[in-house]
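Undergrad: Mind having a look at this structure? Questions to follow.
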Ligand code: GLY
Ligand code: MN
Ligand code: MN
């Protein structure tokens, strides 16, 4: 079923849908730049953009009729007869919302972010292949960086090496700012690379991802610079056990909250529950953080086509932290780990 058809199954109405966020413009039309909008009805598909993108829009969105944004919003919404417009309430400025609801006075605007996003939760085979390739680039970058990391390099230098390797391998960008957090800085779950120099005995958490053909990758490995001490070993083994057992508990149809519970239970029983503050995992796709999540509050059931991270961590202020993250795909009853980098204790 086409993506637009799936969208209208969710909306269950004969209204129109106005798309204003890059991820949803890309998902429904294939247009790969920002600065475009979609107006879709059951029968019509319009892409609204400016002259910088006319050639690109014609190439990438052959199913959409191109409308010059210069014609104005009254003209755009006058193209359709539907009076009800479903829109992305989380992706529109107050200014634009006021302008639309003021100018397009005959139309009723209804928030529908969740329904518009929903089809993106179930990746099709083509999307799964792209995410697999994206994750492979991450794996290759990790293998590359293991040969390069040296005492005295800054976290920023390490991050730059990972990033440039991924770009040279076909990535068009980063999923998020690369995390390279060493020593006590590794207790910051999202410690973006700094000028700190890597020292002997440091834990080093590397969390990175690239964008490849429009889709994100995401992985984390924590390494030790030199031989790990007993506490580093204890925490690493704990996080690895939590991650391995959580992955083992995943199956199509499982409650996402129950997968989080497996990892959280192991870490809590070891006395570190307070040191694992975030959810176990999130979905990954066109955006780095999508739904559903492996979180204690989730009410979602895992379905074929879902791609989620499994990333338990233990973070101890003033000491450091360990996180290990893989991407898991669910495909026709099978659970596939898309991340192949080794996880046994890595000493550099
Ligand atoms: N740093 C992004 C993530 O792993 O969620
Ligand atoms: Mn990550
Ligand atoms: Mn993640």
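Please treat every number below as a calculation from the coordinates, not as lab data. Please read these numbers as outputs of a predicted model, since none were measured by experiment. Note that we place each Cβ from the backbone using ideal geometry, even for glycine, and neighbour counts take in every protein chain shown.
Undergrad: Can you give the percent of C-alpha pairs in the chain whose distance is more than 39 Å?
TA: Cα-Cα pairs in the chain separated by more than 39 Å: 24 percent.
Undergrad: Also, quick follow-up: Label points 7 Å out from Cα along the Cβ direction at residue 233 and residue 147: separation in nm?
TA: 3.0 nm
Undergrad: On to the next question. Taking Cα pairs under 8 Å and at least six residues apart, what relative contact order does segment 123-238 come out at, in percent? It would help to have the intermediate numbers written out before the result.
TA: Working: 205 pairs, mean separation 33.2, N = 116.
Over segment 123-238, the number comes to 29 percent.
Undergrad: Determine, from the Cβ-Cβ distance of residue 168 and residue 83 and an R0 of 35 Å, the FRET efficiency 1/(1 + (r/R0)^6), rounded to the nearest 0.05.
TA: Details: r = 51 Å, r/R0 = 1.47.
For R0 = 35 Å, the calculated efficiency reads 0.10.
Undergrad: Now a separate question. At a threshold of 8 angstrom on Cα-Cα distance, excluding pairs fewer than six apart, so keeping six or more, what relative contact order does the chain reach in percent?
TA: On the way: 743 pairs, mean separation 50.5, N = 348.
RCO, the chain: 15 percent.
Undergrad: Could you give the nm distance between label points at residue 332 and residue 317, where each point is 7 Å from its Cα heading toward the beta carbon?
TA: 5.1 nm
Undergrad: Based on alpha-carbon centroids, what's the gap between segment 264-317 and segment 31-108 in Å, whole number please?
TA: Going from one Cα centre to the other spans 36 Å.
Undergrad: Stretched out fully, how many nm does the piece from residue 106 to residue 52 gain, at 0.36 nm a residue minus the Cα gap? Don't skip to the end; give the middle numbers.
TA: Values: separation 54, 0.36 × 54 = 19.44 nm, distance 3.07 nm.
Result: 16.4 nm gained on full extension.
Undergrad: Another question, then. Please state the equivalent ellipsoid semi-axes for segment 94-153: what are the square roots of 5 times the Cα gyration tensor eigenvalues, largest first, in whole Å?
TA: So the equivalent ellipsoid measures 46, 20, 8 Å along its semi-axes.
Undergrad: On to the next question. How long are the three semi-axes of the equivalent ellipsoid of segment 134-197, in whole Å, if each is the root of 5 times an eigenvalue of the C-alpha gyration tensor, listed from largest down? Please list the in-between numbers first.
TA: Details: eigenvalues 81, 35, 18 Å².
Working from the Cα gyration tensor, I get semi-axes of 20, 13, 10 Å.
Undergrad: Would you mind calculating the gained length between residue 114 and residue 99 on full extension (0.36 nm times residue separation, minus the Cα-Cα distance), in nm to one decimal? Could you put the intermediate results ahead of the total?
TA: Working: separation 15, 0.36 × 15 = 5.40 nm, distance 2.29 nm.
Contour length minus Cα-Cα distance gives 3.1 nm.
Undergrad: Across 10 Å bins from the origin, how do the percents of Cα pairs in segment 207-261 run, short distances first?
TA: 18, 31, 36, 13, 1
Undergrad: Please give, to one decimal in nm, the separation of the simple spin-label points placed at residue 340 and residue 43, each 7 Å out from Cα toward the Cβ.
TA: Inter-label distance under the simple model: 5.1 nm.
Undergrad: Considering Cα pairs under 8 angstrom that are at least six residues apart, work out the relative contact order of segment 170-251 and quote it in whole percent.
TA: It rounds to 27 percent for segment 170-251.
Undergrad: Follow-up. Using the 10 angstrom Cβ neighbour count as an exposure proxy, how do 208, 160 rank, fewest first? Please list the in-between numbers first.
TA: Values: 208 28, 160 14.
Fewest-to-most Cβ neighbours within 10 Å comes out as 160, 208.
Undergrad: Quick one: helix 155-168 against the long Cα principal axis of the chain, what's the angle to the nearest 10°, folded into 0 to 90?
TA: 50 degrees
Undergrad: Rounded to the nearest 500, what is the 222 nm mean residue ellipticity of the chain from helices alone, with -39500 (n - 2.57) per DSSP H run of 4+ residues and division by all residues? Please report the intermediate quantities before stating the final value.
TA: Working: 10 runs with 114 residues, N = 348.
Mean residue ellipticity at 222 nm (helix-derived): -10000 deg cm²/dmol.
Undergrad: Could you work out how much longer the chain between residue 3 and residue 177 gets when fully extended? Use 0.36 nm per residue separation minus the Cα distance between them, nm to one decimal.
TA: Values: separation 174, 0.36 × 174 = 62.64 nm, distance 3.01 nm.
Going from the current span to full extension adds 59.6 nm.
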